[in-house]
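The values are calculated or read from the model by the stated rules, or taken from the named source; none is laboratory data. As the structure is a prediction and not an experimental result, all values here were calculated from the model. Heads up, the Cβs are rebuilt from the backbone with ideal geometry, glycines too, and the neighbour counts pull from every protein chain shown.
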Amino acid sequence: MQKEFLEQCLAEGMSLEAIGKQAGKHESTVSYWLKKHGLEASKTGVHAAKGAPEKVDLERLLAERLSLREIADRLDRSLATIRHWMRSYELESERSARLRESKDACRTRSKTASLRCPKHGPGKFVARADGRFRCAQCRMDAVAKRRRSLKRILVEEAGGGCVLCGYTRCDRALEFHHLDPKAKQFQITSHTRSLARLRAEASKCVLLCSNCHAEVEAGITTVPLNLSPDTCPG
Ligand SMILES: [Zn+2]
Ligand SMILES: [Zn+2]
């Protein structure tokens, strides 16, 4: 049995029995040839038989920001069917709207644009060096993430905890205290620089927890000289 013939029958929603009747073959023969051609009887047949999805259903699911594949699953239709009806209803998925708007923004060569982020929704995007746009919130998140991972490395290298009280629980409550304020070039945690530069700066510091740091800055506590990094053997 020809593949094209079987495909056509399936697309029309015909059952195995109906196909068999039309071809003058037994149902099991039809089933054999479907398998041979890698076609799926029940599913494709059911999809085709269900007919067009309602426009309102598609609009509702699109509003839920589902992907076309998810919509196909929800409506129990094939992806091709959903694509086809999206085109004929002139509907646009969030993803394709995003891509189209992004392309338009690139063409205008502006520095910022109002686009949609799959994670943060509609918002401000900023142009990157290559001219493509990136969600400003995503970029801030990435910077914060990099900052946290750099700090983790520096904290680990500085002994992992407060040199005075041994506190280790939370990196955010650990600070780099410059032993010689005159040697300070920048505040370590407020900058995103290369690890090498941060390391160089951290080498002039001891690690203190926020409480001990406040006490040191207030003059209540002093950092013993033998804890300074220069005199520290390791
Ligand atoms: Zn984002
Ligand atoms: Zn402490």
Open item on the list: Residue under question is residue 192, and the condition is that it be β-branched (Val, Ile, Thr), closer than 30 Å to residue 121 by Cα and away from ligand 1 (no atom under 16 Å from the Cβ); does it hold?
Closed with: yes
Task: Count - residues of region 127-160 that are away from ligand 1 (no atom under 16 Å from the Cβ), in a loop (DSSP other than H, G, I, E, B) and under 22 Å from residue 193 (Cα atoms) - done: 5
Task: Number of positions in region 119-137 that are on the phi < 0 side of the Ramachandran plot, touching a residue at least 24 places away in the same chain (Cβ under 8 Å) and either over 17 Å from the mean Cα position of the chain (by Cα) or exposed (fewer than 15 other Cβ atoms within 10 Å of the Cβ) (or both) - done: 1
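Yes/no matrix, rows are residues, columns are (1) in contact (Cβ under 8 Å) with a residue 40 or more places away in the chain; (2) of a type in the set (Val, Ile, Thr); (3) touching an Asp or Glu at 6+ places or on another chain (Cβ under 6 Å); (4) buried (at least 17 other Cβ atoms within 10 Å of the Cβ):
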{"position": "18", "(1), (2), (3), (4)": "no, no, no, no"}
{"position": "28", "(1), (2), (3), (4)": "no, no, no, no"}
{"position": "31", "(1), (2), (3), (4)": "no, no, no, no"}
{"position": "65", "(1), (2), (3), (4)": "no, no, yes, no"}
{"position": "93", "(1), (2), (3), (4)": "no, no, no, yes"}
{"position": "109", "(1), (2), (3), (4)": "no, no, no, no"}
TODO: Output the residues belonging to region 169-227 that are loosely packed, with under 11 Cβ neighbours inside 10 Å and under 11 Å from residue 154 (Cα atoms).
DONE: 196
Open item on the list: Cβ-Cβ under 6 Å, sequence separation 6+ or interchain: first residue in region 201-212 and at positive phi, partner of a type in the set (S, T, N, Q) and part of a loop (DSSP other than H, G, I, E, B). Which pairs?
Closed with: none
- [ ] Name the single residue, out of those in region 84-135 being in contact with a helix residue (DSSP H, G or I) (Cβ under 7 Å, 6 or more places away or on another chain) and of a type in the set (Lys, Arg), that is modelled with the lowest pLDDT.
- [x] 132
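When you scan region 141-149, do you find a residue that is closer than 28 Å to residue 214 by Cβ and within 16 Å of ligand 2 (Cβ to nearest atom), even just one?
No: region 141-149 contains no residue that is closer than 28 Å to residue 214 by Cβ and within 16 Å of ligand 2 (Cβ to nearest atom).
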- [ ] Could you please give the count of residues in region 66-104 that are at negative phi and touching a His at 6+ places or on another chain (Cβ under 8 Å)?
- [x] 3
Open item on the list: Filter region 178-234 down to the residues that are within 16 Å of ligand 2 (Cβ to nearest atom), assigned to a helix (DSSP H, G or I) and at pLDDT 90 or above and list them by number.
Closed with: 210, 211, 212, 213, 214, 215, 216, 217, 218
